[in-house]
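The values are calculated or read from the model by the stated rules, or taken from the named source; none is laboratory data. Being a predicted model, the structure only gives us computed values, none of them experimental. All Cβ positions, even for glycine, are placed from backbone atoms using ideal geometry, and neighbour counts span all protein chains on display.
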């Protein structure tokens, strides 16, 4: 037996992976893939950072004071206000100041945060307004 190192048998069209040129080419290929991954991660981070202010500004609901509501909604709000608690909110929308079927009021109570209460009140009020075919969008009632 000879003391020569054994090399695997290669097919005629297969290159030897132990050749230095092949190793350099594979390393360059890996670095391109790694650079692509890094740039995609950076792009995703930029998208997240730029989307945050958009989501925060989307929660700027229109606001109204209780004195600007029609009389019937003022009475309903005065009845609901003591039970709102620390984080509860109410929202109202109306097309007519006299027709009770063209008014919507919705309140949210038992919520964990003030922002959650505001979102829920406006969402429920808009659903009720859609059901009653009220064209005016609901606004948050702020004292």
Within the stretch 92-134, take every residue that is within 26 Å of the chain's Cα centre (by Cα) and touching a residue at least 40 places away in the same chain (Cβ under 8 Å) and give me the one that is nearest to residue 67 (Cα to Cα).
92
Checking residue 109 against (1) at pLDDT below 95; (2) touching a strand residue (DSSP E or B) at 6+ places or on another chain (Cβ under 7 Å); (3) surrounded by 15 or more Cβ atoms within 10 Å (Cβ to Cβ), the condition it does not meet
(2)
Out of the residues in the stretch 75-101 that are surrounded by fewer than 16 Cβ atoms within 10 Å (Cβ to Cβ) and closer than 17 Å to residue 136 by Cα, state the one that is modelled with the highest pLDDT.
95
